[in-house]
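K.L.:
Handing you a structure now.
Values quoted throughout were computed directly from the atomic coordinates according to the rules given, and no laboratory measurement underlies them. On a predicted model such as this, the values are computed, not experimentally measured, just so you know. Backbone-built Cβ (ideal geometry, glycine too); neighbour counts: all protein chains shown.
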Amino acid sequence: MFAIPVARELFGGSTTVEWVLILIAGACMTASAYFGIKSLTIISYIAVPLVAILGTVAMIMAVRQGDGTIVDQFAKSSGSLTVIGGAGLAIGSFVSGGTATPNFTRFAKNGKQGTIATVVAFFIGNSLMFFFGAISYIFVGGNDIFEVMIRLNLFYLAILVLGLNIWTTNDNALYTAGLGLANIFNKRKKPMVLISGVIGTLLSVWLYYNFCGWLNILNCTLPPVGIILVLSYFMNKKAYDTDTVKMVTVNWFAVAGVILGAIVANVVTWGIASINGMAVAAVCYVIGELVHKNK
């Protein structure tokens, strides 16, 4: 998402340049995730303020150059996405982030600071990103903040915002993937981050051209994971207060909940897909907990 637009704008879409940029970007993002939370923090200290400032500037410039008020512009609809479909994508986006949040809030000094950071990130940071994209798009067009800034004649700032925005997203996602694989396969995190980084880099071009389909898969698959994590906490609250609890290697009811929830979310056309998936996953998990307690 960084290399292809930049290569297209600067080098006429050269495939060779695309892959050079992809490999460089992939190496940088993998390296920052490989060295852990300290390197992630350094990147974020640089990227977050710059993206916030430049995104705000782009949004204000777009509003000034556009015609009509924000209300008038939002009232126009292309008809390509229903309200239910939009709600599903928004819910899926927040849930997917929520499943990864504990990987980072565990470094907070206490629960209060972890909660404050989470609220600020989701309700202020994430909302700002929605505003940057939505408001800028309705006034000047463009599928993402990069295209918006190009149309505002902010080319070099567009490259900076694009690179930093994707970097902070990818290194956090890669850190989460490596940590998850380390727990699943009982291996050290760093080798799992390297493996994930290589796979992600090599598949990135294919994913770029199939991105909307991939987002729909995540929108249906991740919410069941999120609801099971939440239920696990509230149904086993005492166990979370001790380090001596017996760990279950595989909770097959949870696995079934994720699989069935994802299938229902993909297949059932009624209602909001992500909520349908969470409902099915919740039922499976609760049944499993009741069976376990009866034993």
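K.L.:
What do you get for Rg/Rh of the stretch 1-142 when both radii come from the Cα atoms and Rh is the Kirkwood radius?
P.N.:
Taking Rh as the inverse mean 1/r over Cα pairs, Rg/Rh reads 1.01.
K.L.:
Quick one: compute the contact order of the chain, relative version, from alpha carbon pairs under 8 angstrom and 6+ residues apart, as a percent.
P.N.:
22
K.L.:
Do me a favour and compute the ellipsoid semi-axes for the stretch 110-222 from its Cα gyration tensor, root of five times each eigenvalue, largest one first, whole Å.
P.N.:
They are 29, 20, 14 Å, listed from largest to smallest.
K.L.:
I've got another one for you. What length, rounded to one decimal in nm, is gained on full extension from Thr41 through to Asn103, with 0.36 nm per residue of separation minus their alpha-carbon distance?
P.N.:
21.0 nm
K.L.:
Taking only the alpha-carbon positions of the chain and ignoring solvent, what does the Debye formula give for the base-10 log of I(q)/I(0) at q = 0.17 Å⁻¹?
P.N.:
Log10 of I(q)/I(0), two decimals: -1.64.
K.L.:
Additional query: Go ahead and estimate [θ] at 222 nm for the chain from helices alone: -39,500 (n - 2.57) per DSSP H run with n ≥ 4, summed, over the residue count, rounded to 500.
P.N.:
-25500 deg cm²/dmol
K.L.:
Rounded to the nearest 0.05, what FRET efficiency is calculated for Ala256 and Ile184 with R0 set to 22 Å and r the Cβ-Cβ distance?
P.N.:
Calculated transfer efficiency: 0.80.
K.L.:
Next up: The stretch 236-295: percent of C-alpha pairs farther apart than 20 Å?
P.N.:
Percent of Cα pairs beyond 20 Å in the stretch 236-295: 38.
K.L.:
Beyond a 32 Å Cα-Cα separation, which of these cross-linked pairs lie in this structure: Lys109/Lys190; Lys109/Lys293; Lys109/Lys237; Lys112/Lys189; Lys38/Lys293; Lys112/Lys190?
P.N.:
Violating the 32 Å Cα-Cα cut-off are Lys109/Lys293; Lys38/Lys293.
K.L.:
Less than 11 Å Cβ to Cβ from Ala182, Lys/Arg counted +1 and Asp/Glu -1: what total charge do the surrounding residues give?
P.N.:
Neighbourhood net charge equals +4.
K.L.:
Among 94-105, 247-258, how do they line up from the highest to the lowest mean number of other beta-carbon atoms within 10 Å?
P.N.:
Sorting 94-105, 247-258 by mean packing, highest first, produces 94-105, 247-258.
K.L.:
What does the highest-first list of 287-295, 47-55, 260-268 look like by mean Cβ count within 10 Å?
P.N.:
Going by the mean number of other Cβ atoms within 10 Å, highest first, we get 260-268, 47-55, 287-295.
K.L.:
Efficiency by 1/(1 + (r/R0)^6): what FRET value for Asp243 and Arg64, r their Cβ-Cβ distance, R0 = 51 Å, to the nearest 0.05?
P.N.:
0.35
K.L.:
Would you work out the Kirkwood radius for the stretch 149-295? I mean one over the mean of 1/r across all pairs of different Cα atoms, in Å.
P.N.:
Answer for the stretch 149-295: a Kirkwood hydrodynamic radius of 18.1 Å.
K.L.:
Over the stretch 208-295, what is the mean sequence separation of C-alpha contacts under 8 Å (at least six apart), divided by residue count, expressed as relative contact order in percent?
P.N.:
40
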